[in-house]
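Below is one structure; the comments refer to it alone.
The values are calculated or read from the model by the stated rules, or taken from the named source; none is laboratory data. Since we're looking at a predicted model, the values are computed, not measured. Cβ placement follows ideal geometry from the backbone for every residue including glycine, while neighbour counts extend to all protein chains displayed.
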Amino acid sequence: MLDYQKAPYLELNEYKAPKGIQCIFFPMPDKKKIRLAFWKNVSKTSPSRGTILLQQGHNEFIEKYYETIQELIDRNFDIVCFDWRGQGMSDRMTRNINKQYIKDFQIHITDLELILKKFIKVNFPSPLIAFGHSMGGCLVLSSLPKLQNEFKAVILSAPMLGFKKEKVLNVILYLAALLLPSENYFPGSRPNMGLETPFEDNDLTSDFNRYTRTQKLVRMQPEIRLWGVTIAWVKAVNKHLKIIRKPEWAKKIKSKILIINSLKDRVVCSNKINEMHKKLPNSQIINFLKAEHEVLMETDDIRKKFWVNFDEFLNKLL
């Protein structure tokens with residue numbers, strides 16, 4: 001493996017990185033650096049079942065997924081994950097490090113393609129499995145027209161495939177893009193300006209301990225979390241959703257896909273997820289009635305249901 005610049009990572013006294021973590025900065029052609037972490041299966045008795053690319057959602061970071069990563073390691077997988085450019089400890093795309101900014105989602109997809117080709121395929125065992133949450137789920141799905149033959153299976157957790165009240169959002173976007181600089185916060189997006197959202201007001205999880213665990217990580221390095229989204233980012237999302245909603249787009253994807261859909265999701269639209277499921281030839285969907293947006297950060301009983309479905313899906317394919 002090539003000699004990459006080492007990257008830092010965070011740990012709490014009660015929440016450590018899984019044993020064997022290696023964290024690096026992966027250089028991109030435009031000189032931006034992507035923070036990437038990986039774990040290799042070192043068991044002498046249980047060979048690797050393959051490699052899982054685990055990709056986070058908007059405004060997340062690697063450390064948030066230590067618990068999930070350990071559970072994947074326990075299932076004898078190698079793991080690779082990286083902070084999308086513009087968030088976590090990856091380089092930002094605008095001078096204001098607190099803003100979520102990107103001009104085109106294709107930039108993210110190109111990053112994924114390059115890391116897969118130049119790093120994962122040359123250093124990790126097959127089969128490869130893609131696992132994306134929220135924005136990560138949208139981007140993983142969006143990579144499949146080109147990369148579907150690379151992945152044995154795909155898991156999408158609450159993929160960001162649409163939002164409620166999109167007509168209103170589109171009107172606001174049209175006016176904002178017309179009147180304001182693209183680096184401005186999107187009107188109505190309620191940037192938190194670095195302040196914490198109390199557990200009682202959060203729309204991500206009903207699990208108090210996992211929610212506060214993430215808050216503790218952010219307190220260690222506040223700049224790891226963004227304050228809000230820009231007009232440019234919302235415009236890029238809107239443009240991308242129009243592409244993947246074209247009638248023939250999903251029909252070309254033959255990948256085996258498991259979709260986890262939270263029916264009470266308040267961040268993304270569960271109906272849009274179901275619509276995409278119906279277009280994908282080889283997808284199955286599991287609807288969660290009680291889960292909020294972040295199934296992997298939910299209560300133990302909800303997470304147990306997730307892992308039962310995860311295991312059943314992959315055991316049939318591997």
Quiz item: When both residues are 6+ apart or on different chains and their Cβ atoms are under 7 Å apart, which pairs have a first residue that lies in the range 197-208 and is charged (D, E, K, R), and a second that is modelled with pLDDT of 95 or more?
Solution: Asp203/Arg266; Asp203/Val267; Asp203/Glu292; Asp203/His293; Asp207/Met297; Asp207/Glu298; Asp207/Thr299
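Working only within the range 123-167, note down all residues that are of a type in the set (A, V, I, L, M) and more than 16 Å from Asn282 (Cβ to Cβ).
Start the filter on the range 123-167 by keeping residues that are of a type in the set (A, V, I, L, M), which leaves 128-130, 135, 139-141, 144, 147, 153-156, 158, 160-161.
Matches in the range 123-167: Leu128, Met135, Leu139, Ala158, Met160, Leu161.
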Self-check item: Some residue of the range 187-205 being surrounded by fewer than 19 Cβ atoms within 10 Å (Cβ to Cβ) and in contact with an Asp or Glu (Cβ under 6 Å, 6 or more places away or on another chain)
Solution: no
Quiz item: Quick one: how many residues across the range 196-217 are under 22 Å from the mean Cα position of the chain (by Cα), in a loop (DSSP other than H, G, I, E, B) and not small (Gly, Ala, Ser)?
Solution: 7
Quiz item: Do we have Gly88 as on the phi > 0 side of the Ramachandran plot and crowded, with 17+ Cβ neighbours inside 10 Å here?
Solution: yes
Quiz item: Does the range 46-62 contain any residue that is aromatic (Phe, Trp, Tyr) and farther than 23 Å from Ile243 by Cβ?
Solution: yes
Self-check item: Candidate set from the range 74-100 (those that are of a type in the set (A, V, I, L, M, F, W, C) and part of a loop (DSSP other than H, G, I, E, B)); member that is nearest to the chain's Cα centre (by Cα)
Solution: Trp84
Quiz item: Checking Glu113 against (1) acidic (Asp, Glu); (2) in contact (Cβ under 8 Å) with a residue 40 or more places away in the chain; (3) surrounded by fewer than 22 Cβ atoms within 10 Å (Cβ to Cβ), which single condition isn't satisfied?
Solution: (2)
Quiz item: Tell me, which residue of the range 7-24 that is over 18 Å from the mean Cα position of the chain (by Cα) and of a type in the set (A, V, I, L, M, F, W, C) is farthest from Lys216 (Cα to Cα)?
Solution: Ile24
Quiz item: What's the number of the condition Trp233 fails, among (1) surrounded by 12 or more Cβ atoms within 10 Å (Cβ to Cβ); (2) more than 30 Å from Leu144 (Cα to Cα)?
Solution: (2)
Quiz item: Which of the residues spanning the range 241-275 are out of contact with any Ser or Thr (no Cβ under 7 Å at 6 or more places or on another chain), surrounded by fewer than 22 Cβ atoms within 10 Å (Cβ to Cβ) and part of a helix (DSSP H, G or I)?
Solution: Leu241, Lys242, Ile243, Ala250, Lys251, Lys252, Asn271, Lys272, Asn274, Glu275
Exercise. For the range 161-195, enumerate the residues that are part of a loop (DSSP other than H, G, I, E, B) and either over 22 Å from Arg266 (Cβ atoms) or modelled with pLDDT of 95 or more (or both).
Key: Leu161, Gly162, Phe163, Leu180, Pro181, Ser182, Glu183, Asn184, Phe186, Gly194
Practice problem: Any residue in the range 58-72 that's farther than 19 Å from Glu223 by Cα and in contact (Cβ under 8 Å) with a residue 60 or more places away in the chain: show its pairings with residues that are surrounded by 20 or more Cβ atoms within 10 Å (Cβ to Cβ) and among the hydrophobic types (A, V, I, L, M, F, W, C) at Cβ separation under 6 Å, as long as the two are six or more apart or on different chains. | Solution: Thr68/Leu296
